[in-house]
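Notes follow once the structure below has been shown.
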């Protein structure tokens, strides 16, 4: 009788979810089970990124050089220490734990971002659709054990934490993501612009703690040497000089490799830096236009997601997952809100081009020519056009901000703060 009641209760809870939510749950579960089964059946060689991480964990245990292979482990020493537990576990168990952690942080960050209502007007049905559409975008990263889902999940947690005024959590999330990929510090710097007094010192403290933490687990001289080598390799890693096989897939790829535009490397570096600087300037301009906190945070997150992929320092095919949550959220909102047809076509085109690459049709056709990578940076360009029109048009942002938004606006940098600086 008790078993029957428990089964009935379980079925009742399951039926409370809308059909689309159930489909999303099933799709993600089936995908994860499929990845684990393939690893168990001998597909461990395919998770090359995860193998690099656990290899670094073994090197950490034995006090060996972490950066002997220029295409292998390229992350900070604290990341190598982080993967020590995975390195000492049986491979299958380690892979399952990493897969679950990767997906949990990714989906948890997305849930926190959606619940914060930074992008307003999304109903529960819309949330289920977002989870479902993100699966093909994330599958390529999960397939090789990449840390990008973990990193972008932390960034979404950070943005949601800023909206909820949980500054310590936001700082810790940004700091951890930065020690994984370095360029997520761009998100932290933008939050420093948004809330300089509340966030800046917390971010610096979190970065300092994580920087010092490796010294607790290995001899100080060895850790210092690993930091020296890591910084040297990152400083000398000019990916614009890479061969076609390893070149970055970004704006440089479109201009230099595809269009054969004669652009100097120094000029492209200037473009990268100037576009990064335009994002906080847009926020300051938004203050003068009386943007509320949701519009400001949404704009910062969407635009920096585009910058990290289109103009970032190390964009690979898998890096475009950093832009995927913002792109999918914008796509669903554009169609739910019945935005102008031209805008919907632009954002749909951006998402379509991401799916084209995610489908890996070029691998099936055994075609690895340069042109097959065009869809990803082209998708980022289209999404940039959509975001600028969407953010700058006041008609998409009615002045009915929630009490939380008004409360947060009181602690963010205001027009008066920047007026004192002459801005």
Could you list, ordered by first residue, the pairs with Cβ atoms under 7 Å in which the first is in region 204-224 and touching a residue at least 40 places away in the same chain (Cβ under 8 Å) and the second is outside any helix (DSSP H, G or I), at least 6 apart or interchain?
218/63; 222/63
Selection from region 32-59 of residues that are free of Cβ contacts under 8 Å to residues at least 24 places away in the same chain and in a loop (DSSP other than H, G, I, E, B)
41, 42, 43
For region 60-84, how many residues meet the condition of being surrounded by fewer than 19 Cβ atoms within 10 Å (Cβ to Cβ) and in a helix (DSSP H, G or I)?
3
Any residue in region 387-403 that is over 21 Å from residue 331 (Cβ atoms) sitting within a Cβ distance under 7 Å of a residue that is at pLDDT 75 or above and not in a loop (DSSP other than H, G, I, E, B)? List the pairs, counting only those 6 or more apart or interchain.
401/294
Selection over region 117-146 where residues are crowded, with 22+ Cβ neighbours inside 10 Å and part of a loop (DSSP other than H, G, I, E, B) yields a count of 3
For region 330-370: of the residues being part of a helix (DSSP H, G or I) and out of contact with any helix residue (DSSP H, G or I) (no Cβ under 7 Å at 6 or more places or on another chain), which is modelled with the lowest pLDDT?
364
For region 95-119, which positions are over 18 Å from the mean Cα position of the chain (by Cα) and farther than 17 Å from residue 157 by Cα?
95, 96, 97
Check on residue 313, within 20 Å of the chain's Cα centre (by Cα), part of a helix (DSSP H, G or I) and either modelled with pLDDT under 90 or within 27 Å of residue 150 (Cβ to Cβ) (or both):
no
Can you tell me which residues in region 27-48 are within 21 Å of the chain's Cα centre (by Cα) and either surrounded by 18 or more Cβ atoms within 10 Å (Cβ to Cβ) or within 26 Å of residue 130 (Cα to Cα) (or both)?
28, 31, 32, 47
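Quick one: is residue 374 surrounded by fewer than 20 Cβ atoms within 10 Å (Cβ to Cβ), in contact with a helix residue (DSSP H, G or I) (Cβ under 9 Å, 6 or more places away or on another chain), closer than 22 Å to residue 307 by Cβ and modelled with pLDDT of 50 or more?
Numbers: surrounded by fewer than 20 Cβ atoms within 10 Å (Cβ to Cβ): yes; in contact with a helix residue (DSSP H, G or I) (Cβ under 9 Å, 6 or more places away or on another chain): yes; closer than 22 Å to residue 307 by Cβ: yes; modelled with pLDDT of 50 or more: yes.
Considered against the rule, which asks whether it is surrounded by fewer than 20 Cβ atoms within 10 Å (Cβ to Cβ), in contact with a helix residue (DSSP H, G or I) (Cβ under 9 Å, 6 or more places away or on another chain), closer than 22 Å to residue 307 by Cβ and modelled with pLDDT of 50 or more, residue 374 comes out as yes.
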If you scan region 144-168, which residues turn out to be free of Cβ contacts under 8 Å to residues at least 60 places away in the same chain and under 12 Å from the mean Cα position of the chain (by Cα)?
150, 153, 154, 157, 158
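The values are calculated or read from the model by the stated rules, or taken from the named source; none is laboratory data. Since we're looking at a predicted model, the values are computed, not measured. Note that we place each Cβ from the backbone using ideal geometry, even for glycine, and neighbour counts take in every protein chain shown.
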